[in-house]
Amino acid sequence: MKKHILPLFSGFFVSAFTACSMPQSTDVTAAAADTDPVELAAEPLASMPYTIAVKQAAQQPAGAFGIQSAAHGYNGTYLMMVGGRIQGFHGTANANGVFDSKYSNDRISILNPQTGDFKHMALPAKYKQTLSATNMEYYYDGTYLICVGGYGAYGNYTKPERFKTFPHITAIHFEKAVNAIENNNASDLESSIINLEDERFRVTGGGLEKIGNDYFLVFGQDYDTIYIGGITGKYTEEVRKFNMSIDAGKITISNYEVFKDPSGKTGAESQYHRRDLNVCSAIRPDGNEAITVLGGVFTKNDGGWVNPILIDNNGQTTVTLNTAFSQMLSQYECSLVSFWDSDKKAMFHTLMGGISYYFYENGVLKPSTINNWLPFTSAITTVVQSEAGMQEFPQPESQSLPKLLGSDAAFIPNPALSYVNDAKTIIDLNSLDQDGSVLVGWIFGGIEATAPQSSEFNPTYANKVLYEVQLNWNPSK
């Protein structure tokens with residue numbers, strides 16, 4: 001789900017930051033949760049080792065159509081996209097429903113970003129309703145693209161009871177599906193898909209990640225009626241941990257466990273009341289794989305969440321709220337690229353565009369106002385976690401995206417690079433060529449806006465342009 005039209009309310013969400021000139025970083029002390037900050041031995045980073053630049057790729061995908069909020073995975077050759085929407089921002093004011101099924105993406109597509117090759121096929125009728133859903137949670141495990149939940153209309157209706165969040169987990173055999181699409185073989189495409197109906201997966205707008213053998217379904221909501229601004233779905237307010245096996249055409253779920261907000265708060269008072277967020281695979285300073293949750297919406301005042309949530313799974317599972325750090329930019333799910341620096345023991349998550357709590361005005365970062373609430377942004381910012389805690393390094397306004405891009409877009413990592421995790425989502429920063437710029441990947445899909453606030457006069461679109469993402473080393477690195 002996307003932005004609300006701003007409702008009338010008596011108070012505003014107050015950030016830990018005031019309007020300020022361009023900072024080197026937003027400083028922090030400790031990565032602690034609901035406790036006093038601890039003394040740190042390490043020094044925070046003084047500056048970023050790199051900047052990110054984005055430009056339109058020379059090789060554009062012929063015949064591509066725009067897709068946003070799709071489940072996707074990348075096998076080093078093809079980006080596969082399932083579900084989502086073929087329109088821009090859905091709006092909120094249409095009483096007949098803003099998720100009309102005619103804008104559902106009922107095709108499964110593959111894109112080779114290096115050649116521009118783009119192909120698609122209609123989803124098998126057996127899976128059309130569930131796999132044309134929007135805002136599914138997803139994870140590519142190297143064999144299967146796992147798709148969970150998602151929201152949409154079932155049947156060609158616009159009645160409230162015809163909209164729901166789907167209680168399904170689906171595994172698409174990546175190579176079999178690619179071969180079926182390349183050969184336009186509908187029966188082979190259907191046989192590449194395995195589905196399980198399970199109420200525990202009736203979730204949309206959350207995130208799906210994996211640490212070791214454990215999957216984590218993070219936050220999200222169950223929206224069970226027609227989508228209209230001001231009507232809130234039932235947020236899960238949970239981190240759901242489980243194991244999954246896929247064998248003989250069957251999905252089996254085991255060791256299911258739920259983690260709730262330890263504060264006991266519920267509703268918008270709870271920090272777990274989040275959806276449409278960035279759920280990032282991460283490496284902690286001690287070298288362990290983990291998950292970092294950045295941003296999400298909505299607070300009790302319809303704002304964006306600013307405190308990260310850290311999920312660790314080393315010996316035991318812990319879910320920790322970091323109240324010592326507040327994120328300024330890109331609270332909404334967006335294209336992102338991640339790097340691990342083993343020398344500095346630092347994790348970098350660079351967020352590109354999306355929807356943001358802070359915005360640039362004449363080169364100065366300012367918090368949302370009633371006249372520009374949670375705007376679409378072209379800003380690029382990096383959240384860093386090191387032994388000194390967490391910091392944010394916004395790039396100057398002059399180093400932004402070429403357009404208002406990134407919201408619910410896919411980042412496609414360059415397969416020629418070295419990665420430090422099995423999922424190949426975290427680039428080894430120390431392995432990159434130190435001379436000149438480095439192509440770290442591409443951006444495709446998502447919402448392209450024509451103004452920070454969408455309206456009938458400022459339309460939005462599902463992006464069909466392929467963009468290159470380059471890393472440029474800073475001289476002081």
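The values are calculated or read from the model by the stated rules, or taken from the named source; none is laboratory data. Here the structure is a predicted model, which means the values were calculated and not measured. Reconstructed Cβ throughout: ideal geometry from the backbone, glycine too, with neighbour counts over all protein chains shown.
Structure notes:
- Residues within segment 165-207 that are among the basic types (K, R) and out of contact with any strand residue (DSSP E or B) (no Cβ under 7 Å at 6 or more places or on another chain), tallied: 1
- The sole residue among T292, T299 that is touching a residue at least 40 places away in the same chain (Cβ under 8 Å), more than 23 Å from H168 (Cβ to Cβ) and touching a helix residue (DSSP H, G or I) at 6+ places or on another chain (Cβ under 7 Å) is T299.
- In segment 262-291, the residues that are among the polar types (S, T, N, Q), closer than 14 Å to Q327 by Cβ and not in a strand (DSSP E or B): Q271
- Only a single criterion out of (1) in a loop (DSSP other than H, G, I, E, B); (2) touching a Leu at 6+ places or on another chain (Cβ under 9 Å); (3) not β-branched (V, I, T) is not satisfied by L336, namely (1).
- Between M347, M352, M328, the distinction of being in a loop (DSSP other than H, G, I, E, B) and either modelled with pLDDT under 95 or buried (at least 22 other Cβ atoms within 10 Å of the Cβ) (or both) belongs to M328 only.
Let's see how each residue does on (1) farther than 24 Å from H120 by Cβ; (2) outside the structural domain of A409 (by TED's automatic domain parsing); (3) in contact with a Phe, Trp or Tyr (Cβ under 8 Å, 6 or more places away or on another chain):
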| position | (1), (2), (3) |
| --- | --- |
| T425 | yes, no, yes |
| D435 | yes, no, no |
| E448 | no, no, yes |
| F457 | yes, no, no |
| N472 | yes, no, yes |
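- Residue in segment 208-216 that is in contact (Cβ under 8 Å) with a residue 40 or more places away in the chain, surrounded by fewer than 18 Cβ atoms within 10 Å (Cβ to Cβ) and not charged (D, E, K, R) present: yes
- Candidate set from segment 242-261 (those that are acidic (D, E) and part of a strand (DSSP E or B)); member that is surrounded by the most Cβ atoms within 10 Å (Cβ to Cβ): E257
- Selection of segment 206-235 for residues being at pLDDT 95 or above, under 24 Å from C334 (Cβ atoms) and out of contact with any Leu (no Cβ under 8 Å at 6 or more places or on another chain) yields E209, K210, I211, G220, Q221, D222, Y235.
- Qualifying residues in segment 394-414 (those that are touching a strand residue (DSSP E or B) at 6+ places or on another chain (Cβ under 8 Å) and in a loop (DSSP other than H, G, I, E, B)) - the one surrounded by the fewest Cβ atoms within 10 Å (Cβ to Cβ): P402
- All of D433, D428 fail the test of being exposed (fewer than 14 other Cβ atoms within 10 Å of the Cβ) and either among the hydrophobic types (A, V, I, L, M, F, W, C) or farther than 22 Å from Q68 by Cα (or both), apart from D433.
- The listed residue being within 19 Å of the chain's Cα centre (by Cα) and modelled with pLDDT under 95, out of F339, F298: F298
- Residues in segment 431-477 that are among the small types (G, A, S) and in a strand (DSSP E or B): S437, G441, A449, A462.
- Filter pass, N195 being assigned to a loop (DSSP other than H, G, I, E, B) and within 26 Å of S109 (Cα to Cα): no
- Hey, N463 among the polar types (S, T, N, Q) and touching a Pro at 6+ places or on another chain (Cβ under 8 Å) or not: no
- Exactly one residue among F444, F457, F376 is aromatic (F, W, Y), over 30 Å from P285 (Cβ atoms) and surrounded by fewer than 24 Cβ atoms within 10 Å (Cβ to Cβ), and that residue is F457.
- Screening I226 with (1) over 18 Å from the mean Cα position of the chain (by Cα); (2) part of a strand (DSSP E or B); (3) surrounded by fewer than 22 Cβ atoms within 10 Å (Cβ to Cβ) gives one miss only, at (2).
- Within segment 262-306, the set of residues being assigned by TED's automatic domain parsing to the domain that holds K424, surrounded by fewer than 16 Cβ atoms within 10 Å (Cβ to Cβ) and out of contact with any His (no Cβ under 9 Å at 6 or more places or on another chain) comprises D286, G287, N288, N301.
- Within segment 292-325, restricting attention to residues that are aliphatic (A, V, I, L, M) and not in a loop (DSSP other than H, G, I, E, B), the residue that is nearest to P375 (Cα to Cα) is V297.
- Against the conditions (1) more than 22 Å from I211 (Cβ to Cβ); (2) surrounded by fewer than 24 Cβ atoms within 10 Å (Cβ to Cβ); (3) in contact (Cβ under 8 Å) with a residue 40 or more places away in the chain, E361 satisfies every one except (3).
- Set D435, D408, D422: member being farther than 30 Å from S109 by Cα and of a type in the set (D, E): D435
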